[in-house]
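Report on the structure given below.
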Amino acid sequence: MSILAVGTVAFDSIDTPFGSADRVLGGSASYLTLAARHFCEDVRLVGVVGGDFPDEYRRTLADGGVDLEGLEVEEDGETFFWHGEYHYDMNERDTLDTQLNVLASFEPDLPESYLDSDIVCLGNLEPGIQRDVLDQVDDPEFVMADTMNYWIENTPDSLRTTLSQVDCFVINDAEARELADEPNLVRAASRIRDMGPETLIIKKGEHGALLFTDHSVFSAPAYPLDDIQDPTGAGDAFAGGLAGHLYQSGGLDPEALRRGVIYGSVMASFVVQRYGPDKLLDLTRTDITERARSFRELAAIPTLVPLDKQLA
Ligand code: AMP
């Protein structure tokens, strides 16, 4: 079994009220693959960078164990660049600049060795490129996708077409409201599921995540942290942890999805503790297992006794 992830590989500049970082390694595919790699030996990246992409960043991904055969280099072009600014409430952020650069003309051509991928993660990227990748994979077992307000606003029709082809869609709460044109999250979820994805996950930053399926709604907590440095990449690390767990559990039943949401939240909780994806490189399996256990304890609700019995 293998996981394929397509997305951006980027230079990110990040400002928060407490510090900043300039042109660090970023991009949806970087965070997604580095997170998934903790669960799966065979994680394949599809993306594009320019001739300005430093060897050091390439090594970061390679040392993280990510297969880079599908990372194209446009020697004459510049790497995708994103500049984000977080507010005092770090759940709020503004995009100050997005430069597509080499992404604007990217036509992915998958290496032969990628065509048999089992789980396909369409990371945050132009929805037409997401479909170009999906069309090339022979017979994926499970297709996940993510997006961002940029694509909801700039390529709404193309995004709808991609949505009709995915099993599981992962999106944050503000984007869910925008996409569905509906302020109530439960009603927004139902509208988005009508667009195609059977499973929908709505991430709510430091308020956890909601999983919507045909059968039920599941609510996962977020981990209370006292050292959040940079929330960038949390959504992509979430997707990587989810895909990784689904790969490990070898099944896509409702329990595996629920556990996947917890492992996604675990990976997101680690990534925000440092600028860029560095924290993902230092993690051990014990770190991940212990934090997953803490999540379980955090959400444990004791047995509830009916009110009439309590009063008797
Ligand atoms: P997240 O914090 O999980 O929403 O993802 C942030 C990452 O997405 C950053 O590393 C950016 O480089 C990347 N990014 C920002 N804007 C876009 C976009 N329009 N399309 C694809 N990736 C993007």
Is it the case that some residue within segment 183-196 is within 16 Å of the ligand (Cβ to nearest atom) and polar (S, T, N, Q)? no
N124 meets each of (1) away from the ligand (no atom under 12 Å from the Cβ); (2) in contact (Cβ under 8 Å) with a residue 24 or more places away in the chain; (3) in a loop (DSSP other than H, G, I, E, B) with one exception, condition (1)
Within segment 266-310, track down each residue that is over 23 Å from F18 (Cβ atoms) and among the hydroxyl-bearing types (S, T, Y). T284, T286, T289, S294, T303
Filter segment 1-54 down to residues that are within 12 Å of A243 (Cα to Cα) and within 16 Å of the ligand (Cβ to nearest atom) and give me whichever is surrounded by the fewest Cβ atoms within 10 Å (Cβ to Cβ). L34
State which residue is nearest to C168 (Cα to Cα) when the search covers only segment 210-246 and only residues that are more than 16 Å from the ligand (Cβ to nearest atom) and acidic (D, E). D214
For segment 260-293, which residues satisfy the criterion of being loosely packed, with under 14 Cβ neighbours inside 10 Å and assigned to a helix (DSSP H, G or I)? D282, R285, T286, T289, E290, R293
Has segment 75-97 got at least one residue that is more than 15 Å from the ligand (Cβ to nearest atom), over 28 Å from S117 (Cβ atoms), at pLDDT 95 or above and not hydrophobic (A, V, I, L, M, F, W, C)? yes
Please give the number of the condition E153 fails out of (1) acidic (D, E); (2) more than 16 Å from the ligand (Cβ to nearest atom); (3) assigned to a helix (DSSP H, G or I). (2)
Return yes or no: is S216 among the polar types (S, T, N, Q) and touching a residue at least 60 places away in the same chain (Cβ under 8 Å)? no
Working only within segment 59-94, note down all residues that are in a strand (DSSP E or B) and not hydrophobic (A, V, I, L, M, F, W, C). D67, E69, G70, E72, E74, H83, G84, E85, Y86, R93, D94
When segment 105-121 is checked residue by residue, the ones that are within 16 Å of the ligand (Cβ to nearest atom) and either within 14 Å of G7 (Cβ to Cβ) or in a loop (DSSP other than H, G, I, E, B) (or both) are F106, P108, C121
Based on what the data block shows, is L71 buried (at least 16 other Cβ atoms within 10 Å of the Cβ) and modelled with pLDDT of 95 or more? yes
Being of a type in the set (A, V, I, L, M), crowded, with 18+ Cβ neighbours inside 10 Å and free of Cβ contacts under 8 Å to residues at least 60 places away in the same chain, is that true of even one residue in segment 91-100? no
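In segment 12-58, which residue that is among the acidic types (D, E) and in a strand (DSSP E or B) is nearest to S2 (Cα to Cα)?
Result: D12.
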Would you mind telling me which numbered condition in (1) among the hydrophobic types (A, V, I, L, M, F, W, C); (2) farther than 18 Å from I119 by Cα; (3) surrounded by fewer than 24 Cβ atoms within 10 Å (Cβ to Cβ) A256 fails? (2)
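The values are calculated or read from the model by the stated rules, or taken from the named source; none is laboratory data. This is a predicted model, so every value here is computed, not measured. Note that each Cβ is placed from the backbone with ideal geometry, even for glycine, and that neighbours are counted across all protein chains shown.
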